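The values are calculated or read from the model by the stated rules, or taken from the named source; none is laboratory data. Predicted model, so just to flag it, every value in this text is computed and none were measured. Every residue, glycine among them, receives a Cβ derived from its backbone with ideal geometry; neighbour counts consider all protein chains shown. Keep in mind that these areas ignore ligands, DNA and RNA; they rest on the heavy atoms of the full protein, side chains included. Shrake-Rupley method; radii C 1.70, N 1.55, O 1.52, S 1.80 Å.
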Amino acid sequence: MFTASPDLIAIAQAQLLLAVQTLGLLSAVLYLAQTTPEGKSQWVELVSYPQGKAVLPPDRDAQLAKERIIIPLVYEEGILGLLVSEKEKGWTATEQEQMETIARTLALACALDQRCQWLLQQQKQEQDLLANLLHQLKNPVTAIRTFAQLLVKRLLPNDPNHSLAKGIVRETVHLQELLGEVKQTPLLAPQAVSHFLPPAAINLLEFLQPLVHAFANRAYSKGLDFITHLPATEVSVKAHPTALREALSNILDNAIKYTPPGGTVTLAVTPTDHHCQIKVQDTGIGIPAQDLPHIFQRHFRSHNVDGQIEGSGLGLAIAKQLLEQMGGTIEISSTEGEGTTVTIQLLAQAAPTGDKTDGSQNAPATNPQYT
Ligand code: ATP
Ligand code: MG
């Protein structure tokens, strides 16, 4: 439904006032054509003069009909509105022509207003998409930086590859700085991630391997323990790999980011009959109880992190949206000062074959120090 901007209202008021004053009209009203959310067409009064004294709807009051003229606001063969004006005495041809000129001006103003609003809406959607894409770049860039830093540590300073590895670290730091700058622009607004394909069956354990590898390295680099509880046999879930990777990366990124050195991050996968549960638990700073209801809102950051730990407040909102698009759910529970647990439920592709926690591995993830 089109909502007239204050500029359009101001133009319409000025035009009607001019017509009333110069032609001595009794009244003038501008109606706009609107479509309700239910798809019905209707005329909505935008501006009337004198204010509050609305002219009777155009299809009523036959008695006055000869004193009233109704001019449609036409633009590119569409009718955008109606200009209804009343005069005590009859209309001369010149007066009618003047009203038609005003109607043409108003039609043009309406069309430009609609176009402007459509463009603004498009722009907002594009900005949202860009914000989401930039957010998605963050985790892989951080992972490359961690890997490159480990490489620098392992290579002896006289190794010819040492300076190359340092170059990779330097450039990823640069990229992170650039992404940080982009995040600070006020362009980002709530909207959808639209690059989505239908979910397919994926082997969860195989899928998780590289993710665990990357995040375990990040956790160790920060002085955290990273523990996994994974079932011993294959788990098949309905998911879109790119979207699931993004959602889990955002959750693991939070677990590491909001847990001070010495803490633990645990990733546990538990298949049930029709679902598969993935839990990411940390022993970090937690989320204040009053902030929990807002935690999935775009740009929301809880009070205990704001200004202290870097972030844009987009990760969880994107994760929720992506998971819900593939039929999954996400919940978060937390105690300030103790830690946070994020629980994801995905649809199982087929009923698992009985391997649950009994057969599970309970082990620290691969430690880069020893591989
Ligand atoms: P980014 O967009 O870079 O991910 P962010 O981490 O601030 O920024 P979200 O991931 O959406 O944004 O998280 C929103 C807020 O929820 C965080 O700012 C933080 O206050 C809180 N939060 C999320 N996960 C945790 C966690 N594991 N421990 C403590 N607080 C958390
Ligand atoms: Mg985050």
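If only one of ARG154, ARG145, ARG170 is at pLDDT 90 or above, of a type in the set (Lys, Arg) and open to solvent by 80 Å² or more (accessible area, probe 1.4 Å), which one is it?
Step by step, each of ARG154, ARG145, ARG170 is checked, and only ARG154 is at pLDDT 90 or above, of a type in the set (Lys, Arg) and open to solvent by 80 Å² or more (accessible area, probe 1.4 Å).
What residue, among those in the stretch 254-288 that are among the hydroxyl-bearing types (Ser, Thr, Tyr) and open to solvent by 10 Å² or more (accessible area, probe 1.4 Å), is nearest to ligand 2 (Cβ to nearest atom)?
TYR258
Have a look at THR270, THR283, THR233, THR259 and point out the one that is away from ligand 1 (no atom under 12 Å from the Cβ), farther than 24 Å from LEU178 by Cβ and at pLDDT 95 or above.
THR270
Inspect all residues belonging to the stretch 245-253 and state whether any of them is open to solvent by 60 Å² or more (accessible area, probe 1.4 Å), farther than 20 Å from GLN325 by Cβ and modelled with pLDDT under 95.
Checked against the condition, which is being open to solvent by 60 Å² or more (accessible area, probe 1.4 Å), farther than 20 Å from GLN325 by Cβ and modelled with pLDDT under 95, the stretch 245-253 yields no hits at all.
Restricting attention to the stretch 1-13, which residues are open to solvent by 60 Å² or more (accessible area, probe 1.4 Å) and either among the basic types (Lys, Arg) or modelled with pLDDT of 90 or more (or both)?
PRO6, ASP7, ILE11, GLN13
Quick one: is LEU130 closer than 16 Å to VAL173 by Cα and not assigned by TED's automatic domain parsing to the domain that holds VAL29?
Spelling it out, it is not the case that LEU130 is closer than 16 Å to VAL173 by Cα and not assigned by TED's automatic domain parsing to the domain that holds VAL29.
Here are ALA93, ALA103: which of them is over 30 Å from SER249 (Cβ atoms), open to solvent by 60 Å² or more (accessible area, probe 1.4 Å) and at pLDDT 90 or above?
ALA93
Give the residue, chosen from LEU73, LEU56, LEU25, LEU16, that is part of a loop (DSSP other than H, G, I, E, B) and either modelled with pLDDT of 90 or more or open to solvent by less than 20 Å² (accessible area, probe 1.4 Å) (or both).
Selected residue: LEU25, the only one of LEU73, LEU56, LEU25, LEU16 that is part of a loop (DSSP other than H, G, I, E, B) and either modelled with pLDDT of 90 or more or open to solvent by less than 20 Å² (accessible area, probe 1.4 Å) (or both).
Would you check if ASP291 is within 13 Å of ligand 2 (Cβ to nearest atom) and either open to solvent by 20 Å² or more (accessible area, probe 1.4 Å) or at negative phi (or both)?
Against the criterion (within 13 Å of ligand 2 (Cβ to nearest atom) and either open to solvent by 20 Å² or more (accessible area, probe 1.4 Å) or at negative phi (or both)), ASP291 does not qualify.
Considering the stretch 207-254 alone, what residues qualify as being of a type in the set (S, T, N, Q), assigned to a helix (DSSP H, G or I) and touching a Gly at 6+ places or on another chain (Cβ under 9 Å)?
Across the stretch 207-254, the qualifying residues are SER249, ASN250, ASN254.
With respect to the numbered conditions (1) at pLDDT below 90; (2) not in a helix (DSSP H, G or I), which one is the sole condition not fulfilled by GLU126?
Condition (2) is where GLU126 drops out.
Give me the pairs: first residue in the stretch 246-261 and touching a residue at least 24 places away in the same chain (Cβ under 8 Å), second residue more than 8 Å from ligand 2 (Cβ to nearest atom) and of a type in the set (Asp, Glu), beta-carbon distance under 7 Å, and six or more apart or on different chains, which are they?
Sorted first by the residue in the stretch 246-261, then by its partner, the pairs are ALA255/ASP282; TYR258/ASP282; THR259/ASP282.
Residue by residue through the stretch 256-277, note down the ones that are part of a helix (DSSP H, G or I) and either of a type in the set (Ser, Thr, Tyr) or in contact with a helix residue (DSSP H, G or I) (Cβ under 8 Å, 6 or more places away or on another chain) (or both).
ILE256
Of all strands (runs of 3 or more DSSP E) completely enclosed by the stretch 296-371, which ones contain at least 3 residues that are modelled with pLDDT of 95 or more and either more than 7 Å from ligand 1 (Cβ to nearest atom) or among the hydrophobic types (A, V, I, L, M, F, W, C) (or both)?
Result: 329-335, 339-348.
Considering only the stretch 31-41, how many residues are at pLDDT 90 or above and more than 23 Å from LEU119 (Cβ to Cβ)?
Number of matching residues: 1.
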